[in-house]
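Quick notes on the structure that follows.
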Amino acid sequence: MGITIQQISKGFGQFSALRDINLNVPSGELVALLGPSGCGKTTLLRIIAGLESPDNGQVLFDGVDTTHADVRERQVGFVFQHYALFRHMTVFENVAFGLRVRPRETRPSNAEIKKRVHDLLKLVQLDWLADRYPPQLSGGQRQRIALARALAVEPKVLLLDEPFGALDAKVRKDLRRWLRRLHDELHVTSVFVTHDQEEALEVADTIVVMNHGQVEQVGSPQAVYDQPATPFVYEFLGNVNAFETPQGKGFVRPYEIAVSREPGLNSIAGALTYVHSVGSLVRLEIKRTDNEQYVDVELGREQFNQLNFQQGETVYLKPTQLRVF
Amino acid sequence: MTTRKKHLLPGFGLSLGYTLVYLSLIVLIPLAAVFIRTTELSFNEFWAVVTTPRVLATYRLTFGASLIAALINLVFGLLTAWVLVRYQFFGKKILDALVDFPFALPTAVAGISLTAIYAPNGWLGHWLEPHGIKVAFTPLGVVVALTFIGLPFVVRTVQPVLEDFSAEAEEAAASLGANRWQTFYKVILPAIWPALLTGFSLAFARAVGEYGSVIFIAGNMPMISEITPLMIITKLEQYDYAGATAIAAVLLVISFILLLLINVLQWWSSHRHGAR
């Protein structure tokens, strides 16, 4: 199911959380709402879910105005940052909850519920935990149960609020790959909120970059990374160096800078203050001679070994790509 | 080989010893004295004292009225706690402070005020009287007084648990299609149930032992509106110490059994709901 958001605004007292948001989420896509904390991404997600109502604007599901529909009627699956599992129910009962609360006419029989719940638990690979209680599970397991519970009601839209935010780095990485695969299997329209650019770049089909209650850019991971529309997007999606140019502020990624020992046309002199060489990339920290600002440069290990720079030596920088705003 | 569980904090032996001595001095020894004093009577004498029709009527009133009062407090205490936790309104702080009032007020003062209000010529009494509702000097008055003094218990035990309860769980229930009633009894109620039960048993226990506020409003008519604590006082005033302690012992044993039952129920409900 496709989601269309038209001119949504929302304020909390004096604070304006969202300003005139327009967005289109095509059916079956996995979309990331990416931005720093306080940018309004969670508020937008909650408005889509119906947990919050906008001051202005409309939310359309497949072209039908659902702005004032109750969260119960929207058929959305919502996964909370802190899981919000029912701690007095077993894992099985948590997942079965959405089926058991249905009105009698549409409620599946006990046997059907049992089958559905076990199928979902198998899908999230936690069938063996059916009789445990949430406090007995690890964070990653709880998050997967929360997802299974949301999927049990066969939602038309899956909404995830910082789904991996409370997990440690390793579990997080595994889970986001797993979410990607799960989405490829189920093709349910999904929107997730994150402040982690790496997560958004790795998982999403489309990234919506937000800042100060507004959408900065919408595009594929590659598009937002390679062709940032605004300085904010440039700085938010990965490391970047800013240069003053006669035309305005120029942005260069650390790997878009050539380093040599010989001065060239328009090159910038600097002292190599630090070499960080762990992994396939070598990171150089260079202090400019003219204004004493630091510039980050990334080189491939092989290239670095050939050039064999030493800490403290004077080098010359030249951006190979420069984007000016 | 046996392994000994290491305690993170030292001083288990000392603190347990202190607790036992303290509890013995404050609770166990005075209670034991009640039973020792009772043994002055032979079993037949004891049985005769504690089963006279007048005394039996007081057990019925004390435990019946306490149970009803605690049940009323269970419902309205929960409602009060809910309002205090969930809503913001003018005068909330004052209302919150008011809840503790029955704790602070000398019970005799409470009894006298309640009697003044509910007496046939009182503020509320003269409205109720024409409808055939008599509160003062009837068992109903006893229930009113016991409800009054037991109010803070349920509110104060449930309030912090409700405050801790995450709004997310409610939102999760709603997003899964549960209506308000289902969200309440399937999600919220199980979470606050142990606290409710604790508040209920405290209110009940307090009501069983209550004396000051009841004797004024009850009217103390034999067989109708006499409570057991009054029976004990009456015996004491007649220098019948053995008789007084005999009734006290019965009161103690019944209270103990009821509280034990409530504790078992609580233990069972929290274990059914998984490890905490």
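At a glance:
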| read-out | value |
| --- | --- |
| Residue in the range B:91-112 that is most open to solvent (accessible area, probe 1.4 Å), counting only those that are in contact with a Ser or Thr (Cβ under 7 Å, 6 or more places away or on another chain) and among the β-branched types (Val, Ile, Thr) | B:107 |
| Flag for residue A:124 being under 18 Å from residue A:74 (Cα atoms), in the same structural domain as residue A:44 (by the TED database), over 20 Å from the mean Cα position of the chain (by Cα) and of a type outside the set (D, E, K, R) | no |
| Residue check, residue A:233 of a type outside the set (Ser, Thr, Tyr), without any contact (Cβ under 8 Å) to a residue 60 or more places away in the chain and in contact with a strand residue (DSSP E or B) (Cβ under 6 Å, 6 or more places away or on another chain) | yes |
| Residue match in the range B:199-211 (condition: touching a residue at least 12 places away in the same chain (Cβ under 8 Å), more than 24 Å from residue B:33 (Cβ to Cβ) and either within 14 Å of another protein chain (Cβ to nearest Cβ) or among the basic types (Lys, Arg) (or both)) | no |
| Close pairs (6 angstrom Cβ cut-off, 6 or more residues apart or separate chains): over 14 Å from residue A:158 (Cα atoms) and within 14 Å of chain B (Cβ to nearest Cβ) in the range A:58-76, open to solvent by 80 Å² or more (accessible area, probe 1.4 Å) and aromatic (Phe, Trp, Tyr) anywhere | none |
| Any hit, the range A:195-210, residues being on the phi > 0 side of the Ramachandran plot and crowded, with 21+ Cβ neighbours inside 10 Å | no |
| All positions within the range A:301-321 that are open to solvent by 80 Å² or more (accessible area, probe 1.4 Å) and either more than 32 Å from the chain's Cα centre (by Cα) or within 27 Å of residue A:244 (Cβ to Cβ) (or both) | A:302, A:303, A:305, A:306, A:308, A:310, A:311, A:318, A:320, A:321 |
| Residues within the range B:138-166 that are over 19 Å from residue B:195 (Cα atoms), among the hydrophobic types (A, V, I, L, M, F, W, C) and not in a helix (DSSP H, G or I), tallied | 0 |
| Residue that is modelled with the lowest pLDDT [pool: residues in the range A:156-192 that are in contact with a Leu (Cβ under 6 Å, 6 or more places away or on another chain) and not in a strand (DSSP E or B)] | A:164 |
| Verdict on residue B:235 being under 20 Å from residue B:55 (Cα atoms), free of Cβ contacts under 8 Å to residues at least 24 places away in the same chain and assigned to a helix (DSSP H, G or I) | yes |
| Which listed residue is surrounded by 13 or more Cβ atoms within 10 Å (Cβ to Cβ), in contact with an Asp or Glu (Cβ under 6 Å, 6 or more places away or on another chain), assigned to a helix (DSSP H, G or I) and touching a residue at least 24 places away in the same chain (Cβ under 8 Å), from B:115, B:58 | B:58 |
| Filter result for the condition that a residue is part of a strand (DSSP E or B) and without any contact (Cβ under 8 Å) to a residue 24 or more places away in the chain, over A:318, A:287 | A:287 |
| The range A:41-60, residues that are in a strand (DSSP E or B) and surrounded by 21 or more Cβ atoms within 10 Å (Cβ to Cβ) | A:59 |
| Pick from the range A:253-300, criterion among the basic types (Lys, Arg) and farther than 22 Å from residue A:225 by Cβ, ranking: most open to solvent (accessible area, probe 1.4 Å) | A:261 |
| Residue list for the range B:220-243, filter: in contact with an Asp or Glu (Cβ under 9 Å, 6 or more places away or on another chain) and either open to solvent by 20 Å² or more (accessible area, probe 1.4 Å) or within 22 Å of residue B:206 (Cβ to Cβ) (or both) | B:220, B:227, B:229, B:234, B:241 |
| Among residues of the range A:114-137, those that are within 14 Å of chain B (Cβ to nearest Cβ), more than 19 Å from residue B:177 (Cβ to Cβ) and open to solvent by less than 20 Å² (accessible area, probe 1.4 Å), counted | 4 |
| Some residue of the range B:151-162 being closer than 18 Å to residue A:89 by Cα and either among the acidic types (Asp, Glu) or within 14 Å of another protein chain (Cβ to nearest Cβ) (or both) | yes |
| Count of the range B:84-118 residues which are farther than 20 Å from residue B:212 by Cβ, at pLDDT 90 or above and touching a Leu at 6+ places or on another chain (Cβ under 8 Å) | 5 |
| Any hit, the range A:165-188, residues being within 14 Å of chain B (Cβ to nearest Cβ) and either buried (at least 20 other Cβ atoms within 10 Å of the Cβ) or of a type in the set (A, V, I, L, M) (or both) | yes |
| Qualifying position, being touching a helix residue (DSSP H, G or I) at 6+ places or on another chain (Cβ under 6 Å) and surrounded by fewer than 19 Cβ atoms within 10 Å (Cβ to Cβ), among B:122, B:132 | B:122 |
| Any chance residue B:48 is assigned to a helix (DSSP H, G or I), surrounded by 12 or more Cβ atoms within 10 Å (Cβ to Cβ) and in contact (Cβ under 8 Å) with a residue 24 or more places away in the chain | no |
| From the options B:225, B:213, residue that is hydroxyl-bearing (Ser, Thr, Tyr) and part of a helix (DSSP H, G or I) | B:213 |
| Flag for residue A:38 being of a type outside the set (Asp, Glu) and either surrounded by 17 or more Cβ atoms within 10 Å (Cβ to Cβ) or within 13 Å of another protein chain (Cβ to nearest Cβ) (or both) | no |
| Any hit, the range A:92-113, residues being outside any helix (DSSP H, G or I), more than 11 Å from chain B (Cβ to nearest Cβ) and of a type in the set (Gly, Ala, Ser) | yes |
| Only one of A:209, A:171, A:240, A:259 that is touching an Asp or Glu at 6+ places or on another chain (Cβ under 8 Å) and of a type outside the set (Ser, Thr, Tyr) | A:209 |
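The values are calculated or read from the model by the stated rules, or taken from the named source; none is laboratory data. In this text the structure is predicted, and so the values were computed from the model without any measurement. Counting neighbours? That spans all protein chains shown, and the Cβs are built from the backbone with ideal geometry, glycine included. Accessible surface is based on the protein model in full, side chains and every heavy atom, while ligands, DNA and RNA are left aside. Shrake-Rupley method; radii C 1.70, N 1.55, O 1.52, S 1.80 Å.
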